[in-house]
1. Glu172 versus Ser402, label points 7 Å from Cα toward the beta carbon: distance in nm?
2. Taking a label point 7 Å from the Cα of Ile62 along the Cα→Cβ vector, which residues of the stretch 309-338 have an amide N closer than 18 Å to it?
3. Highest mean first, what order results for 205-211, 268-274, 53-59, 340-346 on Cβ atoms within 10 Å?
4. Between Asn98 and Lys365, what's the calculated FRET efficiency when r is the beta-carbon distance and R0 is 22 Å? Round to 0.05.
5. State the Cα centre-to-centre distance between the stretch 312-342 and the stretch 123-196 in whole Å.
6. Hey, what do the phi angles of the stretch 79-84 turn into as Karplus ³J(HN,Hα) couplings, whole Hz, using 6.51/-1.76/1.60 and θ = phi - 60°, x for Gly and Pro?
7. For labels at Phe313 and Lys232 in the simple 7 Å Cα→Cβ model, what's the distance in nm?
8. Using a 10 Å cut-off around each Cβ, can you sort Met381, Met85 from fewest to most neighbouring Cβ atoms?
Amino acid sequence: MDSFSLVLLTKNTMNVPIFGPIWNLIVEILGAIMNGIYISLENIGIGNIGLAIIIFTIVMRIILFPTSFRQQKSSRMMQLMQPEMKAIQEKYKNKTDNASMMAQQEEMKALYEKYGTSMTSGCLPLLLQMPVIFALYRIIMNIPAYVPSVYSIYENVLNAIGGSSAAQKLVEFGTSNNLDGVLKQLHNLGIDNADFTSEQVSNLIVDFLYKLNPVQWSNLASTFPDAADKIKVAASQAENINNFLGINLSTAPSSMGFVPNVYWIIPILAGLFQYLSAKLMSTTNQAMTDGNDQSAQMMKSMNLMMPLMSVWFCFTFASGIGLYWCASSGVMILQQLFLNNYFKKFSDKELIEKSIAKANAKRAKKGLAPINEKTVENRIMAAKQKAEATESNRLEVIAKQSAKTKESIEYYNRNAKPGSLASKANMVQLYNEKNEKKNSK
């Protein structure tokens, strides 16, 4: 079996999320892109995973740029709509009846239509990005699964230590070298599950070997003395492809202790870039971050929490993930600067006109009439009248029911003091008399 077939099997050992076939297709495509980038670097004599990750991130951010553009445009439109949106929300504040809620929804739809946008325009770009981002993480965490030339380095060690039969000994090695989290992620190398084939166990071992740092490689040579020479060769090759500016990308900064060292650079840069990115984003979402309402406060909290979370994640995960995080945030900052500068060229009026023109072009294809302010106002007025009519009918029903109840109470209590025992007895008697008359007819 050739190495590329083994790589495909390595992919089968991974946890596949809810995206199913779409996820698999995305991962296959992105994995091919990563492999192409690494082979190109290898052909010019600089085969390095860190450099491949940076180039890969830049390529992916360029591919995802249209979704970022749409999201930025949606944020700008939301900022323009915010005053009218708040006015509608204030208008229906504390009104929980069905008619009012439907009227509010209708007015909101009309407002979005007025600006040539929709309620889902801001969410859709994020939803499109989600499976791609998850796929990116999977590829970077398991480079050997997608780059055959990297796989072959670890395959040599796999064969030297006895293939899948070495799984039990490797689990013991991992336990004694603080790799319990890695073992759990890799199903304990399949030793607790008879459903794994020997080929799948072998691929799990390759994934395990890829995550070893230089110290652990040295310990591995001591654990398998008969394969020590091949382990040392592979360790040297792994060090060459994983070393980026003095940082081994398979090593987590947390494993280097809490004394400041070169590995801290990546988590610090990740937090800094995340903060700058959030700061730039807030300039376009100023209407949403200004004020004291709950959503504004939540946005401010997120702008502070996300950089801190970035630092923690990049401190805990392997440095390769942290490098991707830094590269991604860095490219996003450049894109955000470009987008902020681009949208500054248009006045609010021009932006709305362009948005309406685009929406009208879509409506024309569907055979719908174009959007205009009068049509929107008529829809809002119709929604208002419908809500008022519904509310009027509801109040009329309540009034009739109240009158009927009052009439009944007066009838049954006409000869006794209301609330007294006599009145209650009288009510029973009158009720029986009333029914007897009906039955006798």
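We did not get these values from a lab; they are worked out from the coordinates using the rules stated. It should be emphasised that the depicted structure is a prediction, and the values quoted were computed from it without experimental measurement. Neighbour counts run over all protein chains shown; Cβ positions are idealised from the backbone, glycine included.
1. 8.5
2. Answer for the stretch 309-338: 327-338.
3. On the way: 205-211: 23.3, 268-274: 21.6, 53-59: 20.0, 340-346: 11.6.
Result, highest mean Cβ count within 10 Å first: 205-211, 268-274, 53-59, 340-346.
4. Details: r = 35 Å, r/R0 = 1.58.
Plugging the Cβ-Cβ distance into 1/(1 + (r/R0)^6) gives 0.05.
5. Centre-to-centre distance over Cα atoms comes out at 25 Å.
6. Taking θ as phi minus 60°, the curve returns 5, 5, 7, 3, x, 5 Hz for the stretch 79-84.
7. The two pseudo-label positions are separated by 4.0 nm.
8. Working: Met381 11, Met85 16.
Neighbour counts put them in this order, fewest first: Met381, Met85.
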